[in-house]
Amino acid sequence: MLLEPRQHTPLWMTISAPIIAVAIVLILSGGLIAWAGAPLLDSYIALIVGAFGSKFAIAETLVRATPLILTGLAAAVAFRAKLWNIGGEGQLYAGALAVTYFGTGLIELPSFLMIPFLFFVGAVAGGLLLLFPALLKTKLKVDEVVTTLLLNFVVLLFANYLLFGPWKDPMAMGWPQGAPVIEQGILENLVAKTRLHAGLIFSVLAAVCMWLVMSKTKWGLEIRAVGHNQDAAKFAGIPINKTIIRTALISGGLAACAGVTEVAGTKEYLTLDISPGFGYTGIAVAMLAGLNPLGVILAALFFAGIYNGADSMSRAMNVSNYIADVITAGSLLMVMLAVMLTRMRIRLKG
C-alpha cells in the first residue's frame with residue numbers, strides 16, 4: 001500500500017472530509033456511552049440540547065467559545081509561520097494580570113476608552129511574553145516549544161503568588177481572587193439573565209480581521225511564506241526573523257485578549273481558575289480549523305458545544321463528562337487523518 005500526493009483535491013472533498021471525520025468520531029464515541037449503560041440516542045439528544053437547546057444553553061456555549069476563538073487564532077497565526085506557540089495559557093493569564101493591574105482603579109477612563117485600553121494593555125502583555133521565546137528562537141535557535149510551555153508555569157505561579165499575597169482582595173471572604181474590575185472596564189452584557197458579553201463580538205471581529213490580514217495583505221503573505229519554506233522566503237527578500245517576531249507579537253496579543261475577556265467580561269475579577277485550559281484547547285481548535293481564521297470560529301463553537309453539552313448529558317444520563325475530552329481529541333485526530341487523505345491518495349501495490 002502506497003501513499004501518493006494528489007494532483008488536485010476536489011472542493012467537495014475538502015469540505016466534506018472534516019464533517020465525515022467528526023461524524024465517525026460521534027458514532028465511535030457512542031460505543032463508550034453505550035458501555036456506560038446510557039441510551040445512545042437520548043444521550044446525544046441531551047448533549048445537543050445542553051449545548052444549543054435553549055437561550056441559556058446557547059449563551060453558555062458562546063461564552064465558552066469566546067476565549068477559544070482568541071486562543072485558537074493565536075495558535076493558528078503562529079503555526080502558519082512555523083512558530084510553535086504552546087504558551088497560549090500563560091499569555092492568557094498575562095492579559096488577565098494586565099487587566100487586574102490597570103482595570104481595578106489604577107486608571108479611570110470613560111467606558112469607550114477604558115475597554116479598548118484594557119484590551120491594548122492585555123495584548124501588549126501577551127505579546128511581550130511571547131517575544132522572549134521568539135527572540136531566543138531567532139537569535140540562539142532555542143526551541144520555542146520548550147520555552148513557551150515552561151513560561152505557562154512561570155506565569156501561573158506568579159499569578160498564584162499575587163492572588164495569595166499582594167493582590168488578594170480583602171473583601172473576598174478569604175478566597176484567592178483579585179479586586180473587581182471597575183464598572184467602566186466591564187464588557188457589556190449582550191443577553192439579559194445570561195453571562196454572554198461583548199467579548200464575543202470582539203473575538204469574531206478579531207477572526208475576520210486576521211483572515212483579511214492573512215489572505216489579503218503583504219504581512220499575511222510573508223507569514224505564510226516563512227512558514228511554508230524559509231529558504232524560498234529568504235530568497236524572495238522576506239526578512240525571516242522580523243516576520244517571526246511580528247508573528248509572535250500578534251499571536252501573544254490574541255491569546256492575552258482571551259484573558260481580558262474572561263476577567264473583564266465573564267468573571268469581572270481575576271481568579272486562578274479563569275481558564276480550564278483555554279490556551280491548550282486553542283491549539284486543538286486551530287488544528288481542527290486547518291489554521292484558517294474563519295474556520296477557528298466554527299471549530300471553537302464545536303468544542304464549546306461539546307464541552308457544554310457533555311456537562312448537561314452527564315447530569316441527565318449519568319455519563320462521565322470526560323466523554324467530551326474523548327470526542328474532541330478523537331475529532332482532532334480523525335480530522336487530521338481526513339485532511340491527509342484529501343492531499344494523499346492510497347494506492348494498493350500491484
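The values are calculated or read from the model by the stated rules, or taken from the named source; none is laboratory data. Note that the structure is predicted; figures quoted are calculated from it, not measured. Don't worry about glycine lacking a Cβ; one is built from the backbone with ideal geometry, like all the others, and counts go over all protein chains shown. Surface accessibility is based on the protein's heavy atoms, side chains included, excluding ligands, DNA and RNA. Shrake-Rupley method; radii C 1.70, N 1.55, O 1.52, S 1.80 Å.
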*How much accessible area per residue does segment 1-73 have, in Å², with a 1.4 Å probe?*
56
*Just the accessible area per residue of segment 197-322, please: how many Å² with a 1.4 Å probe?*
42
*Share of carbon and sulfur in the accessible heavy-atom surface of the chain [1.4 Å probe, %]*: 70
*Which percent of the Cα-Cα distances in the chain go past 28 Å?*
47
*Excluding Gly279 itself, calculate the net charge of residues whose Cβ lies under 13 Å from the Cβ of Gly279, where each Lys or Arg counts +1 and each Asp or Glu counts -1.*
-2
*To the nearest whole percent, what portion of all C-alpha pairs in segment 145-205 is separated by more than 17 angstrom?*
63
*Run the quick spin-label model on Ser54 and Thr217: label points 7 Å from Cα toward the beta carbon, then report their separation in nm to one decimal.*
4.3
*Over segment 257-317, consider all pairs of different Cα atoms and compute the Kirkwood hydrodynamic radius from their mean reciprocal separation; express it in Å, one decimal.*
12.9
*For segment 1-107, what is the Kirkwood estimate of the hydrodynamic radius, computed as the reciprocal of the mean inverse distance between distinct Cα atoms, to one decimal in Å?*
18.6
*asked:* Along the charge dipole of the chain, pointing to its positive end and built from +1/-1 on Cβ of Lys, Arg, Asp and Glu, which listed residue (Ala179, Ala34, Gly53) has its Cα farthest out?
replied: Ala34
*asked:* Could you order the peptides 125-134, 256-265 from most to least packed, using the average number of other C-beta atoms within 10 Å per residue?
replied: 256-265, 125-134
*Could you list log10 I(q)/I(0) for segment 180-237 at q = 0.12, 0.16, 0.24 Å⁻¹, which the Debye formula gives when each Cα is one point scatterer?*
-0.52, -0.65, -0.94
*For the chain, what is the mean residue ellipticity at 222 nm derived from helices alone (per DSSP H run of n ≥ 4: -39500 (n - 2.57); sum divided by total residues; nearest 500 deg cm²/dmol)?*
-24000 deg cm²/dmol
*asked:* With a cut-off of 8 Å between alpha carbons and a minimum separation of six or more residues, what is the relative contact order of segment 144-302 in percent?
replied: 25
_Packing-based ranking, highest mean first, of 96-107, 317-328, 160-171 given that Cβ atoms within 10 Å are counted_ = 96-107, 317-328, 160-171
*asked:* Around Arg315, under 15 Å between beta carbons, what's the net of Lys plus Arg minus Asp minus Glu among the other residues?
replied: -3
